[in-house]
1. Considering only the stretch 275-290, state which residues are at negative phi, surrounded by fewer than 21 Cβ atoms within 10 Å (Cβ to Cβ) and not polar (S, T, N, Q).
2. Please identify the pairs in which a residue from the stretch 134-163 that is outside the structural domain of GLU443 (by TED's automatic domain parsing) and over 22 Å from ARG444 (Cα atoms) has its Cβ atom under 6 Å from the Cβ atom of a residue that is surrounded by fewer than 20 Cβ atoms within 10 Å (Cβ to Cβ) and among the hydroxyl-bearing types (Ser, Thr, Tyr), counting only partners at least 6 apart or on another chain.
3. Applying the selection to the stretch 246-273, what residues are surrounded by fewer than 23 Cβ atoms within 10 Å (Cβ to Cβ), within 20 Å of the chain's Cα centre (by Cα) and small (Gly, Ala, Ser)?
4. So ASN222 ticks every box in (1) out of contact with any helix residue (DSSP H, G or I) (no Cβ under 9 Å at 6 or more places or on another chain); (2) buried (at least 23 other Cβ atoms within 10 Å of the Cβ) but one. Which box is left unticked?
5. Identify the residue in the stretch 131-187 that is within 16 Å of the chain's Cα centre (by Cα) and of a type in the set (Asp, Glu) and, among all such residues, is nearest to LEU290 (Cα to Cα).
6. Take residues that are under 21 Å from HIS420 (Cα atoms) and tell me which of the strands (runs of 3 or more DSSP E) falling wholly in the stretch 117-174 contain 1 or more.
7. Determine the pairs where a residue that is on the phi < 0 side of the Ramachandran plot and of a type outside the set (A, V, I, L, M, F, W, C), located within the stretch 464-490, has a partner that is crowded, with 24+ Cβ neighbours inside 10 Å and modelled with pLDDT under 95 with Cβ atoms under 8 Å apart, the partner being 6 or more residues away or on another chain.
8. Would you confirm, using the coordinates I've provided, whether ILE195 is within 26 Å of ASN255 (Cβ to Cβ), at pLDDT 95 or above and either surrounded by fewer than 24 Cβ atoms within 10 Å (Cβ to Cβ) or not assigned by TED's automatic domain parsing to the domain that holds ARG268 (or both)?
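The values are calculated or read from the model by the stated rules, or taken from the named source; none is laboratory data. Every value quoted in this text rests on a predicted model; they were computed, and no experiment measured them. Counting neighbours? That spans all protein chains shown, and the Cβs are built from the backbone with ideal geometry, glycine included.
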Amino acid sequence: MSKENKDSIEKRRKFLKSMAAGSAMAIPVSAGAMGGMGGGGFGGGGSTGGGTASVTPFQVPLPIPPVLQPVSQDATTDYYEITQMEADVEIIPGTTTRIWGYNGITPGPTIVAQRGREVKVRQYNALPEHITTHLHGGHIEAASDGHPVDFVEPNNFKDYTYSNIQRATTLWYHDHAEYLTAPHVYKGLAGFYIITDDAEKSLNLPSGDKEVAFVIQDRSFNADGSFAYTGNRSGELGDTLIVNGAPQPYLEVSNTKYRFRILNGSNRREYILALSNGQQMTQIGTDGGLLPSPVNVDTIFMSPAYRSDIIIDFSQVPVGQSVVLQNLDGSGSTAEIMRFDVVRSETDTSDVPAVLSTDVVPLQESDAVVTRRFTFSMSRGNWVINGQPYDSQRIDVNPKLGTTEIWELTNRSMMNHPVHIHDIMWQVLDVNGQPPGEEYMGERDVFVVRPMSTVRVIGRFDDYTGLYVFHCHNLEHEDFAMMANFEVQP
């Protein structure tokens with residue numbers, strides 16, 4: 001890490017400690033505040049480009065990240081190796097972009113794990129800054145959770161152990177370094193981690209080339225293709241939508257059912273997904289895995305870090321025609337995400353059964369041993385929880401292993417906060433005292449809390465003790481102190 005970057009982080013730590021002590025000290029804010037903490041910037045060749053890159057939609061095919069193969073295996077464990085490194089890639093046609101990628105690509109390679117079989121991933125850091133890797137949604141030991149200060153310095157590595165004892169679901173891995181998560185993820189440090197099991201495989205859902213994972217992100221680019229990142233502490237909003245690292249791509253499909261595992265991997269931007277022909281989508285899963293039964297929906301709201309597992313039946317689209325996946329929350333260049341081109345006719349042998357899963361037991365409020373209350377707001381220019389900025393040395397909550405708790409999440413600011421709690425999955429009890437809608441279906445690890453609203457969630461702390469964090473998954477909010485530690489006690 002550069003001396004300038006170390007100095008910036010140390011100044012940031014001292015400022016946060018002064019705030020926690022009640023100081024009225026102010027910190028100047030510039031558009032590039034976090035960019036200055038990014039260790040040399042984002043440019044492909046050091047140039048800012050002097051303009052904005054333009055994109056013509058639906059000109060490039062949807063890339064599919066490769067499935068990573070183990071370097072070795074034994075009776076209980078699959079072993080993987082990944083190198084985090086810089087690379088020059090073509091995102092905007094005709095230009096190159098300097099990224100930070102897992103094995104030099106973004107999204108990184110997909111890891112497919114089997115429920116109950118352990119995975120060990122050795123993460124090498126060939127980048128100029130320290131990093132830490134978080135398996136988002138993973139129910140894993142604290143030592144492998146990727147705590148924000150569990151740094152892997154340049155030219156070093158760390159072995160992460162993932163037990164995979166949770167339900168089959170779509171997870172993702174990304175950088176989680178203290179104060180640097182937002183720029184690191186923006187540069188490209190994100191990838192899919194999918195857990196499967198025999199029960200899911202027995203359902204005969206669309207599979208093979210008809211099961212596609214894709215991450216939606218927004219980025220801004222200079223005319224030379226380099227990232228144009230500002231570090232806006234309210235949250236970065238890009239003007240170009242990219243899917244699996246390609247700008248508004250297309251995917252050729254048959255007139256059959258497809259399963260899409262969708263991740264909102266944006267720093268701040270929200271999406272409302274809809275199909276341009278008005279056709280319904282069938283949602284079969286969320287953050288924590290399959291729903292009890294499929295739900296037909298017209299739209300799907302996607303806050304940052306949300307995952308939605310959906311089925312689209314292209315038999316309703318004539319061969320030779322197309323349908324666009326829209327973002328009803330966007331306009332102009334952010335209104336259309338990607339296009340599906342129905343190019344062939346095939347026999348469809350897949351199914352979407354009426355019962356998907358029966359292994360989620362609703363938690364009862366009466367089982368909770370405590371209700372904890374957390375208020376998300378802004379104080380003295382920083383995003384805070386219960387009035388306090390993040391301090392890596394402070395433990396804010398001490399739940400006890402084997403107990404059930406209710407966490408009451410209240411937003412006292414004028415921006416949405418997608419709250420992410422590490423370690424376990426949760427169930428949403430109510431929103432402003434009312435039953436939760438479709439947006440909060442299933443088990444979840446992220447819950448958007450809207451301005452002046454309260455979301456109550458219930459969860460049980462099983463299996464692991466140790467130190468974890470919870471935070472806003474607007475990544476600039478997280479970097480600007482909207483995060484807290486909790487330590488699960490024996």
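1. Matches in the stretch 275-290: LEU275 only.
2. Filtered contacts from the stretch 134-163: VAL149/SER392; PHE157/TYR124.
3. ALA246
4. In the conditions (1) out of contact with any helix residue (DSSP H, G or I) (no Cβ under 9 Å at 6 or more places or on another chain); (2) buried (at least 23 other Cβ atoms within 10 Å of the Cβ), ASN222 misses (2) alone.
5. Taking the stretch 131-187 first, the residues within 16 Å of the chain's Cα centre (by Cα) are 132-139, 145-148, 169-177, 180-187.
Going one step further and asking which of them are of a type in the set (Asp, Glu), we end up with 145, 175.
On the way: ASP145: 23, ASP175: 26 Å.
Step by step, filter the stretch 131-187, then rank; the result is ASP145.
6. Those strands (runs of 3 or more DSSP E) span 133-136, 157-162.
7. GLU476/MET34; ASP479/MET34
8. Criteria not met by ILE195.
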